[in-house]
Structure formats: C-alpha cells, structure tokens
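Scroll down for the structure; my scribbles are underneath it.
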Amino acid sequence: MIKCYENLAHVYDDLIYEDIDYDKISSFIMDVINKYQIHKDKYLDIACGTGTVTALLSRSFTEVWAVDYSQDMLMEADNKLRENNIKANLIYQDMTELNLYREFNVITCVLDAVNYIHDPSKLKSFFSKVYHHLASGGIFIFDINSYYKLSSILGNNTFTYNTPELFYTWENDFEEDNLYMYLTFFIQEGEYYKRFEEEHIERAYSESYIEGILKELNFTILNKFDDYTIDSKVHSTTERIVYVLRKE
C-alpha cells in the first residue's frame, strides 16, 4: 500500500470530526456485537488512524490491538490512548500483510481503508489474512466508499475547507476505477502558514466484486448497511457501505 497521512496525521482529527460521527460508528459496532452475542475478549482495529474508534470500543474488551501503516497516525493514536488511560497494543504494519500470530473475536476496519488497497490481488490477500485472524464465530466489520460515491460524488470535483487556522484544497481525478486525490494544505504556525501536499488514491470496487471474494474465502455475510445505520438498507445512492461478516 502507498504510505500517506504523514503530514495530514497532525490535523486529521480537526478535519474529520465535522464529517464523521464516531459515536454513531462505535454504537453501531457494539449493537452488532451484542446482537450476535460475540465474546468481548480480543479486539483488533485495522487501519486505526488516530485511534478514535479504538478508544471508544476499547473499554468493552479484555485485550485491544490496533494496526496502521502510518507512523504519524500511530503517534497520534498513542497520545490519545495514553491521555485516556487506555491500554492497547499499537502495531506499525501494512494491512495487506497482516500478521499478528493470534486470533480476535472482533475485527474492524472503518472509514474506507479498504478502498486504499488498489491491487485486487492484494485485496483478496487482505480479506484472507483477516479471516485467519478471526476466532471461530468472530465477526469482521468494515466499510467501503461505494462506487457511486467515488465516481459521482467525489468524481472529478474540487473541494475547499477554510478556517482561521487551516485552509486546504482537495482536487479529484477519477479514471479507470481509481480516484486520485490531490490535497494542498496551509496550516497556521504563528504569524505564517505552512504549506504541504499529499496524494491519496482510492479504488472503487463494486459490491458484487467484494462479495464474490468474501464468499470464496468462506466468510458468512451477515448483513450490509447504509453508513452505520442499523435499520438501513444499501441502495443505489448509498455512499458508505458497511459489511458485517462472520467466520463460522
């Protein structure tokens, strides 16, 4: 996987909190865990980022692990967890090469991290590794940005964000199932603004393609939802598809 979030890690929470309802996500995950009576022993958060979901779910589990491929994001996560007196094992690792030598009752991978896997063969490898890290009867919850969102909502559009401390532009280019995102940031540091750039790529996968791989690997697809809403159904304009899987 391509490394990114090196500069973005330090402002990630400031940007994302306006758009992402972490309480909704964590409540959804706990509702699913309780519905299927999953043992709250070992929990793994893949692509944990700054550790917000990890922190919200951690107190429900005996043992918590979190993986990310950005050292900067892991540093932010470590600070957040320490400030909240939360014990977790933070691991720097490419999610497509997941290897922790243990099984988990619950594994999550949220906020379109799966779309960052651009190589379809590595996507299958990732799901296979998750399967082998799940305990029997364990569940895996992940989401993807839908093909509709990446191609039509984000598409070839440009977005801006402006506060007194931060300004950025987000330019998109969608071609051949890939969304290329070019981000330019200006962050206030004293009397001046620091400028940096990052490039992100997300691959658009169809539901049928994803589900074909999951069934081939013997996952049971328990359900899929529209953006962490427990009573929802996925439809043609769903932007975030949430899958709940089980290893029998």
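The values are calculated or read from the model by the stated rules, or taken from the named source; none is laboratory data. Note that the coordinates shown come from a computational prediction; the quantities given were computed from them, not determined experimentally. Reconstructed Cβ throughout: ideal geometry from the backbone, glycine too, with neighbour counts over all protein chains shown.
Give all pairs with beta carbons closer than 7 Å in which a residue from region 119-137 that is of a type in the set (D, E, K, R) meets a residue that is not in a helix (DSSP H, G or I); count only pairs at least 6 apart in sequence or on separate chains.
Qualifying pairs under 7 Å: Lys129/Leu98.
Here are some conditions: (1) among the aliphatic types (A, V, I, L, M); (2) modelled with pLDDT under 95; (3) not assigned by TED's automatic domain parsing to the domain that holds Tyr36. Leu154 meets all but one. Which one does it not meet?
Here Leu154 meets the rest and fails (2).
What residue, of Asp45, Asp72, is closer than 20 Å to Val114 by Cβ and crowded, with 18+ Cβ neighbours inside 10 Å?
So the residue among Asp45, Asp72 that is closer than 20 Å to Val114 by Cβ and crowded, with 18+ Cβ neighbours inside 10 Å is Asp45.
Which one of these is touching a residue at least 24 places away in the same chain (Cβ under 8 Å), crowded, with 16+ Cβ neighbours inside 10 Å, among the hydrophobic types (A, V, I, L, M, F, W, C) and over 30 Å from Leu44 (Cβ atoms): Phe185, Phe142?
Among Phe185, Phe142, only Phe185 is touching a residue at least 24 places away in the same chain (Cβ under 8 Å), crowded, with 16+ Cβ neighbours inside 10 Å, among the hydrophobic types (A, V, I, L, M, F, W, C) and over 30 Å from Leu44 (Cβ atoms).
Condition first: surrounded by 13 or more Cβ atoms within 10 Å (Cβ to Cβ), over 20 Å from Ile29 (Cβ atoms), touching a Lys or Arg at 6+ places or on another chain (Cβ under 6 Å) and not assigned by TED's automatic domain parsing to the domain that holds Asn172. Can you find one or more residues in region 207-221 that meet it?
yes
Testing His132 on (1) touching an Asp or Glu at 6+ places or on another chain (Cβ under 9 Å); (2) at pLDDT below 95; (3) not hydroxyl-bearing (Ser, Thr, Tyr), one condition comes back false. Which one is that?
The one condition His132 does not meet is (2).
Sort out which residues of region 150-209 are of a type in the set (Lys, Arg) and under 15 Å from His118 (Cβ atoms), and write them in order of number.
Arg203
Those residues that are closer than 26 Å to Lys122 by Cβ and not in a loop (DSSP other than H, G, I, E, B), I need them from region 153-170; list them, please.
Passing the criteria: Ile153, Leu154, Trp170.
Does Leu150 meet the test of being in a helix (DSSP H, G or I), within 15 Å of the chain's Cα centre (by Cα) and closer than 16 Å to Ala204 by Cβ?
In short, no.
Restricting to region 24-42, name every residue that is of a type in the set (Gly, Ala, Ser) and surrounded by fewer than 18 Cβ atoms within 10 Å (Cβ to Cβ).
The answer is Ser27, and nothing else.
As an exercise: evaluate Glu211 against (1) over 30 Å from Arg102 (Cβ atoms); (2) charged (D, E, K, R); (3) without any contact (Cβ under 8 Å) to a residue 24 or more places away in the chain and give the number of the one condition it does not meet.
(1)
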